[in-house]
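Asker: Below you will find the structure I want to go over with you.
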Amino acid sequence: MTQFPRKIIIDTDPGQDDAFAILLALGSPAEIDLLGIVAVAGNVPLALTQKNARMICELAGKPATKVFAGCDRPLHRKLVTAEHVHGKTGLDGPVLPDPVMPLQEQNGVAFIIETLRREPAHTVTLCPLGPLTNIAQAFLQAPDIIGRVQQIVLMGGAYFEVGNITPAAEFNIYVDPEAAEIVFKSGVPLVVMPLDVTHKVLTTRARVEAFRGLGCEVGRVAAEWADFFERFDMEKYGSEGGPLHDPTVIAYLIRPDLFKGRHINVEIETKSELTLGMTVADWWGVTDRAPNALFIGDVDPQGFFDLLTERLGRL
Ligand code: RIB
Ligand code: CA
């Protein structure tokens, strides 16, 4: 039986879909105790992701939320960004005021380490929504915290859906495959939200109008983010909306019953340039590699959107 509220740290590269995840967490205080948000370079550079994270907290009316800046580039590679999807600011669509709330002085990786050392073991869940650089750095700098993490629930990877940034790789894993390898080999209980499930939660017109129909600022901004964010995927896939990737992570913590998956082995390609960042998921159990992740393949899409919309309406 899940113990609520779950203490979590969100690690993020906002990103319109990251924004939905942060809003869902902030709108669900009975289930989620958000200890802090750590920004990482990903969709856009760190200077923007840390600013965007603060703008999202202020939109939610939660300026006391602690926001930290983590790593500004992958462990060993040049940063690859995704302005073609999210726009130059990373939150293109509606115009939002610059943040007034402060960025925390402490480095985000140090915050992750300090929190995991301070909180009782197995009581803090890490929720990465971008490249896994900050998590890997925390594990490299402080191996003693690895055994103290309750669970990692992350958005990343793909199997049946294959890649979205290369033919073989999903963006979050592709940007920092060495960091992903550290996380997937860490032994921490993993729940993975790959494109296989996030491509099933599409922002159809009715769902976007439900955001707008909330009649509040959060609903208006959410609808305008969706309007902007979905154009790229609708053109690319010919789908009837854009996939809201990242809020599936938070929805899983609140309503795991909405999701279905398999406990399988998932390994990360870090050598081949052709398939770099691929999540090699043994979905059919054809190897004797030990299972290390609950790999989610299915969701109740309307149940997900009903939850998301209802919680946005609370902000
Ligand atoms: O591939 C989708 C993922 O990459 C999402 O987390 C999106 O925000 C980007 O970070
Ligand atoms: Ca993201």
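Asker: Please report, in Å, the Rg and the Dmax of segment 84-187, where both are computed over Cα atoms only.
Answerer: Answer for segment 84-187, Rg first and Dmax second: 16.1, 43 Å.
Asker: Highest mean first, how do 67-78, 287-298, 41-52 rank when packing is the count of other Cβ atoms within 10 Å averaged over residues? Intermediate values should be presented prior to the final figure.
Answerer: Working: 67-78: 19.6, 287-298: 16.9, 41-52: 23.9.
For the peptides 67-78, 287-298, 41-52, the packing ranking is 41-52, 67-78, 287-298.
Asker: On to the next question. Can you show me the helix-derived [θ] at 222 nm for the chain, built from DSSP H runs with n ≥ 4 at -39,500 (n - 2.57) apiece and divided by the number of residues, rounded to the nearest 500.
Answerer: Details: 12 runs with 115 residues, N = 315.
Helix contribution divided over all residues of the chain: -10500 deg cm²/dmol.
Asker: Under a Cβ-only charge scheme (Lys and Arg +1, Asp and Glu -1), can you give me the dipole magnitude of segment 1-83 about the Cα centre, in debye to the nearest 20? Write out the running numbers ahead of the final one.
Answerer: Numbers: 9 positive and 9 negative charges, 50 e Å.
The calculated dipole for segment 1-83 is roughly 240 debye.
Asker: Can you give me the distance in nm between label points at TRP284 and ARG212, each placed 7 Å from the Cα along the Cα-to-Cβ direction?
Answerer: 4.5
Asker: Put one equal scatterer on each alpha carbon of the chain, apply the Debye formula with no solvent term, and list log10 I(q)/I(0) at q = 0.07, 0.08, 0.09 1/Å to two decimals.
Answerer: -0.23, -0.30, -0.38
Asker: Run the reach check for LYS260 against lysines, Cα to Cα strictly under 18 Å, same-chain hits fewer than 8 apart removed. What comes back?
Answerer: The qualifying lysines are LYS200.
Asker: Now for a separate question. Which of the lysines could a cross-linker span from LYS78 if the Cα-Cα distance has to be under 24 Å and same-chain partners fewer than 8 positions apart are dropped?
Answerer: LYS51, LYS88, LYS185, LYS271
Asker: How many nm is it between the label spots at LEU140 and GLU119, if each spot is 7 Å from the Cα in line with the beta carbon?
Answerer: Here the answer is 2.4 nm between the modelled labels.
Asker: Right, another one. I'd like to compare 188-194, 171-177: which one has the highest average count of other Cβ atoms within 10 Å, and what's the full order after that?
Answerer: Numbers: 188-194: 23.1, 171-177: 28.9.
The packing order, highest mean first, is 171-177, 188-194.
Asker: Charges at C-beta only: +1 for Lys and Arg, -1 for Asp and Glu. How large is the resulting dipole of the chain about its Cα centre, in Debye rounded to 20?
Answerer: Working: 28 positive and 40 negative charges, 115 e Å.
Charge dipole of the chain: 560 debye, to the nearest 20.
Asker: Where the centre of each part is set by its Cα atoms, how far does segment 220-244 sit from segment 158-183, in angstrom?
Answerer: Cα centroid of segment 220-244 versus Cα centroid of segment 158-183: 21 Å apart.
Asker: Can you give me the Rg/Rh ratio for segment 113-266, using Cα atoms for both radii and the Kirkwood formula for Rh?
Answerer: Details: Rg = 17.0 Å, Rh = 16.9 Å.
Result: Rg/Rh = 1.01.
Only the coordinates and a few stated rules stand behind these numbers; no lab work does. Given the structure is predicted, the values throughout are model-derived calculations rather than measurements. Don't worry about glycine lacking a Cβ; one is built from the backbone with ideal geometry, like all the others, and counts go over all protein chains shown.
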